[in-house]
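Okay, so here's the structure we're looking at.
The values are calculated or read from the model by the stated rules, or taken from the named source; none is laboratory data. Fair warning: this is a prediction, and the values are worked out from it, not measured in the lab. Ideal geometry is used to build each Cβ from the backbone, glycine not excepted, and the neighbour counts take in all protein chains shown. These accessible areas exclude ligands, DNA and RNA; they are computed on the full protein's heavy atoms, side chains included. Shrake-Rupley method; radii C 1.70, N 1.55, O 1.52, S 1.80 Å.
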Amino acid sequence: MRPDERDLDDEIRGHLALSIRERIARGEDPEAARLAALRELGYIPQVRESMQAVWQPRWLATAGALWHDVRIALRSLRRAKGLATTVIVTLALGIGANAAIFSVVRGVLLRPLVNRGENRLVYIRQSATALGAANMTFSVPEIVDFRSRVKSIGAFGDFSTVDFALIGLVNEPRMVKAGVVGGSFFEVMGLRPVVGRLLDARDDGPKAAGAAVLTYRFWTTSLNSDRHVVGRTIRLGARSATIVGVLEPSVPYPADTEIIANVVTSPHHLGATMVTSRTHRMTELFGRLAPGATIEEARAELTAVHGAIMREHPESYVPNAQVQLTVKTLRDQIAAPARTILLVLLAAAAVVFVIACSNVANLILARSVRREGELAVRAALGAGSGALRRTLLAESLVLCGAGAVLGVILARPFVDLVSRYAARFSIRALDVVVDSSVLWVGAALAIAAAVVLAFVPRLPSPHAPTGLGLATGSVRITPGTDRRLRLFATTQIAFSFVLLAGAGMLLTTLIALQATRTGYDMRRVLAFDMPTAATGLGGGKVLEFYKEVRRRIAALPGVEAVAVGSFVPWRDAGTFGPAISFRVEGYQPAEGEDDPRARIRLVGSGFFGVVGVPLLGGREFSDADDAGEQVAIVSQSVAQRLFPNGDAINHHMWWTDPFLGGAVRRRIVGIVTDVNDETVSGQPSMMVYMPVQQIGIGGRLFIRAAGDPYALIPSVTRVVRELSAEQPLERGATLEDVRAELLSPDRLNAFVFSGFAGIALLIAVVGVAGVLAFSVSARTREFGIRMAVGSAPSHLLRGVLSEGVVIAAIGIAAGAAGGYGLAQIAARFFDHVQLPGVIAVAGAMVVLIAAAIVASLMPAARASHVDVVQALRSE
């Protein structure tokens, strides 16, 4: 039976009374007998613990004693509210950041996919490294070859990304990103419907009825989960389709689509070019391993078959393009883009946690020094090291537990922030939710921190004659304690330096990118997506439509000029794929040299004047170029590289890449300044511009405004709707804002890591200030004596400031060495690991030195204003 404290106290009192009676019976004085009995019995709390160990299991006794210590710790911390608040908030920041980021890491990298048999689902990619094409996709004949020759893949699924004009499901015509798939796709992917059915073999073939499946996110966000939507007929461009079902929540890969339709809904997919051309590549390929096959076997067989296809059809592959095949599990492929950035974020959060624990260790150590008298009395009365350590553990558990609770509360907004950030690298991050993992991560971190912090302070010895401060109320710091205090402060500075230098590198990169000249007039040019091809409008009708749109919009007040094109700079990066090989009149490549390559751009008449790209020679395209002679405009780099005197006007060029299937000669009629419309850094690529009037492909509208560009959006939309009620007109934005959207990942990088660095810096400042403040309070008598013998207050002020600077300098040196070592290790596992530049490192050093000086000011001022008389009386 478990005794309560009253039973134990009764037992102890009875034993003590019996001992006193026996001594009195032997003739001892009653008071002397009482004192002797107490000495013989020993320290009563320890006796109670020993009796509990006999009467009940040891773990239960220890738990009871710990709970008793927790109650004492709560009463003790109520008398130190400032310390408790600082420790709790500091730990909450560290625990909250780590719990939130771990939740995102778990959701993106560790959580299983909903796809049935996901471990047998593979993703197959074809790339051409030398062309800069990370994903060439596949042509239909290539996929047919794989299906007929590969045995280790039981079934293949194909997926093409297509933009459709959706009509009949929402109020206005709008563009939707859709997937066009074969009937085997959903079976291969192992997905189920939540409403209706998915596409299958009955939906294959050119005579099948148009059918479409809605993705779960589109169904819930745009259609309010309307179950009656199944069976409705919609228009996807020029074709009709019936909605047959809604897909279960799943990772939308390879594209974040809203609708997935069968092949018959896309006229392009039924055309001869798509079906027969080996160079017309626009399809992603998935596979499910055959029973008994491994991914290694599938990778080897697919690679061998791919090599055989290339040897059989050399005309379909660019020489020296380094075309290769990669095969990965789907889960690895989805997680790969986000893995590095999430692991870096997790490392940054761990650094913040280490800094937070170092700061808290400083505070706990300082508090233990102030409590040495209390602990020494307990040790002198018989409390063992286990009991004293348990007392410290109880206090640490209270502080860390409160910090964990607050940290879990803070983790919720942290998870939302980090999820939106990580979604730029992996669409899977959008589905991350706060779950129980936040709780157990917070609890685990709290327990780990509590155990570490309980063993930070030095326990007093009951036999130390002078080191306990029992005779006085002063604070004394032993050399060992002082070293530990400074070590923790230096650790905070070192880790803060690593984060500050990294954040500085990101900030300097962002500033440099924002300052890069683009060659466009970005503030006054408004760009729209106006995809006429998605509505089924084609041939001469689309050109007439463009002319009428330009004419009517040009007549609007506040419009200076209007043009059409096939791409919006930066927004449509990669639309036309990698650079295409070509030749020019009068230039012969050297022996063994490949044909030069340039990127294709389709633009309408007046385009360069509208977007502000200077014309260096010749003329722009005009409406007269819609028939007759084939013409082109080249960028400055083409003219300078391929023509000795840079005068390319009136020379001819023609494409030699098999993808274009012909060598139509085009006369060069103009030269324009180089621009980089795909990235915000790097050198511009060679460009060849062809007229929309001759190709018939546009889809983008550009307007130069005299005033506020955004004020034109309603009137421009009205004009387009009047001409075609079914024509989508979307994403109106200035080129400046389009470019800002491209910079948003860099901006988010700088913001997130600057936030981590700012938290680390704040904690480090508190840590340095705490160490110096405690040092000053312990050296009050020393400062008083120095001032009494003539030392100037300014000398004491400089001395304390120099201590802060020395701590910062040592921390910076340690951080620089440690950061360099970590970078070298990380470079072995991750690509593109960079060291911060001189500006970032110097900036981090200046910030930390300045922060150390600021943190030292208050303790230094206190030291220089010590009252001499009071200081000498303190001992």
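Worth pointing out:
- Selection from segment 147-169 of residues that are over 18 Å from ASN262 (Cα atoms), touching an Asp or Glu at 6+ places or on another chain (Cβ under 7 Å) and of a type in the set (A, V, I, L, M): VAL150
- Answer residue from segment 579-611, given it is farther than 21 Å from GLN640 by Cα, in contact (Cβ under 8 Å) with a residue 40 or more places away in the chain and in a loop (DSSP other than H, G, I, E, B) and is most open to solvent (accessible area, probe 1.4 Å) among those: GLY606
- Residues in segment 308-333 that are surrounded by 15 or more Cβ atoms within 10 Å (Cβ to Cβ) and modelled with pLDDT under 85: 2 in all.
- Test result for VAL765, within 30 Å of ARG486 (Cβ to Cβ) and β-branched (Val, Ile, Thr): yes
- Which listed residue is at pLDDT below 75, assigned to a helix (DSSP H, G or I) and open to solvent by 20 Å² or more (accessible area, probe 1.4 Å), from ILE759, ILE785, ILE763: ILE785
- Residue list for segment 209-225, filter: closer than 21 Å to PHE286 by Cβ and open to solvent by 10 Å² or more (accessible area, probe 1.4 Å): THR215, TYR216, ARG217
- Residue within segment 491-507 that is at pLDDT below 70, part of a helix (DSSP H, G or I) and either closer than 21 Å to ALA842 by Cα or not polar (S, T, N, Q) (or both) present: no
- Restricting segment 532-559 to residues that are at pLDDT 80 or above and either closer than 19 Å to ASP163 by Cα or not in a helix (DSSP H, G or I) (or both), the residue that is farthest from the chain's Cα centre (by Cα): ALA555
- Residues that are in a helix (DSSP H, G or I) and not hydrophobic (A, V, I, L, M, F, W, C) within segment 713-733 comprise PRO714, SER715, THR717, ARG718, ARG721, GLU722, listed in sequence order.
- You will find that of VAL104, VAL87, VAL144, VAL122, the residue that is open to solvent by less than 10 Å² (accessible area, probe 1.4 Å), part of a helix (DSSP H, G or I) and modelled with pLDDT of 80 or more is VAL104 and no other.
- Among the candidates PRO252, PRO206, PRO173, the residue that is touching an Asp or Glu at 6+ places or on another chain (Cβ under 6 Å), of a type outside the set (A, V, I, L, M, F, W, C) and at pLDDT below 90 is uniquely PRO173.
Conditions (1) over 18 Å from ARG601 (Cα atoms); (2) assigned to a helix (DSSP H, G or I), marked per residue:
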residue: ALA624; (1), (2): yes, yes
residue: ALA639; (1), (2): no, yes
residue: TRP654; (1), (2): no, no
residue: GLN694; (1), (2): no, yes
residue: PHE702; (1), (2): no, no
residue: ALA711; (1), (2): yes, yes
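- Considering the conditions (1) within 30 Å of PHE425 (Cα to Cα); (2) modelled with pLDDT of 75 or more; (3) buried (at least 17 other Cβ atoms within 10 Å of the Cβ), GLY819 is excluded by exactly one of them, (2).
- Output for segment 217-240, where each listed residue is within 35 Å of the chain's Cα centre (by Cα) and in a loop (DSSP other than H, G, I, E, B): LEU223, ASN224, SER225, ASP226
- Flag for VAL438 being among the hydrophobic types (A, V, I, L, M, F, W, C), assigned to a helix (DSSP H, G or I) and surrounded by fewer than 23 Cβ atoms within 10 Å (Cβ to Cβ): no
- For GLY237: the one exception among (1) under 29 Å from ARG116 (Cα atoms); (2) open to solvent by less than 10 Å² (accessible area, probe 1.4 Å): (1)
- Single condition ARG583 does not satisfy, out of (1) farther than 30 Å from SER744 by Cβ; (2) modelled with pLDDT under 80: (2)
- Verdict on THR656 being at pLDDT below 90, touching an Asp or Glu at 6+ places or on another chain (Cβ under 9 Å) and among the hydroxyl-bearing types (Ser, Thr, Tyr): yes
- Verdict on ASN650 being part of a loop (DSSP other than H, G, I, E, B), at pLDDT 85 or above and not aromatic (Phe, Trp, Tyr): yes
- Look at (1) open to solvent by 70 Å² or more (accessible area, probe 1.4 Å); (2) at positive phi; (3) of a type in the set (Val, Ile, Thr) and you find that THR137 fails only one, number (1).
- ILE671 vs. criteria over 24 Å from PRO319 (Cα atoms) and surrounded by 18 or more Cβ atoms within 10 Å (Cβ to Cβ): yes
- Options VAL318, VAL352: the member that is more than 30 Å from LEU393 (Cβ to Cβ) and among the β-branched types (Val, Ile, Thr): VAL318
- Boolean, PHE186 is modelled with pLDDT of 85 or more, open to solvent by less than 30 Å² (accessible area, probe 1.4 Å), under 34 Å from the mean Cα position of the chain (by Cα) and of a type in the set (Phe, Trp, Tyr): yes
- All of VAL584, VAL638, VAL634, VAL568 fail the test of being of a type outside the set (Phe, Trp, Tyr) and under 30 Å from ARG174 (Cβ atoms), apart from VAL568.
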